[in-house]
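Here the structure comes first, spelled out in structure tokens, and everything after it is commentary.
The values are calculated or read from the model by the stated rules, or taken from the named source; none is laboratory data. As the structure is a prediction and not an experimental result, all values here were calculated from the model. Cβ sites come from the backbone with ideal geometry, for glycine too, and all protein chains shown count toward neighbours.
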Ligand SMILES: [Zn+2]
């Protein structure tokens, strides 16, 4: 299943993985609140769904599913067979329960909204995410869009549904922006940057402000727009010189 509220997910510090199971692979799941947030923001449960039974006991099984999905996706991307135990676990979780049944209910304004037929338990929600992973890993078209972020040290995976298949980063604001700033700095080395201790404090402050302005200007979603901006920055630097 696709993440229903990718924008909200991104705003809350995540990224648009394109699929629920890929989003789970990025979750720390260190406390029950993190799992509640994932389930709600990814759309596994509709907003307003009561999860009164969710406590620390749910974290272990969801971490197991997360690690199992991560292993299977990594194996696909690296062109190697996954550990058999990972596939067995995924299939067991997908078969252990039916996902919660959805219901359409009418609100006071007359619109229909999605709810669940009852309060879901842990096994049903594990099955929802596990079945999403089964669907993804067995669908040749979806599988062909699987990518890992090119950011140094970044392990996030996503479905590249961009036009032309040119997406390279988990998030333009995170890894994409870091790469653009690094590229810009490599192309425009500043003679004083390597000896910060030799400059007077007020000069360092000025330079920090300038760097911040550059970083902000480089914070853009589109490489093409970036190239234009980089040219503008270069030209303004030339004029300053
Ligand atoms: Zn990344």
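When residue 27 is tested against (1) surrounded by fewer than 20 Cβ atoms within 10 Å (Cβ to Cβ); (2) assigned to a helix (DSSP H, G or I), just one condition goes unmet, and that condition is (2). For segment 69-98, filtering for residues that are crowded, with 18+ Cβ neighbours inside 10 Å and in contact (Cβ under 8 Å) with a residue 60 or more places away in the chain leaves 4. Going through (1) within 16 Å of the ligand (Cβ to nearest atom); (2) over 22 Å from residue 67 (Cβ atoms); (3) modelled with pLDDT of 95 or more one by one, residue 140 falls short only on (1).
Matching residues to (1) surrounded by 14 or more Cβ atoms within 10 Å (Cβ to Cβ); (2) over 19 Å from residue 42 (Cβ atoms):
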residue: 145; (1), (2): yes, no
residue: 168; (1), (2): yes, yes
residue: 174; (1), (2): yes, no
residue: 186; (1), (2): no, yes
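Looking at 189, 152, 120, can you tell me which residue is part of a loop (DSSP other than H, G, I, E, B) and within 10 Å of the ligand (Cβ to nearest atom)?
Values: 189 fails: within 10 Å of the ligand (Cβ to nearest atom); 120 fails: within 10 Å of the ligand (Cβ to nearest atom).
Selected residue: 152, the only one of 189, 152, 120 that is part of a loop (DSSP other than H, G, I, E, B) and within 10 Å of the ligand (Cβ to nearest atom).
Look at (1) touching a helix residue (DSSP H, G or I) at 6+ places or on another chain (Cβ under 6 Å); (2) more than 8 Å from the ligand (Cβ to nearest atom) and you find that residue 169 fails only one, number (2). Within segment 127-140, the presence of at least one residue that is out of contact with any helix residue (DSSP H, G or I) (no Cβ under 9 Å at 6 or more places or on another chain), assigned to a helix (DSSP H, G or I) and under 27 Å from residue 35 (Cβ atoms) is confirmed.
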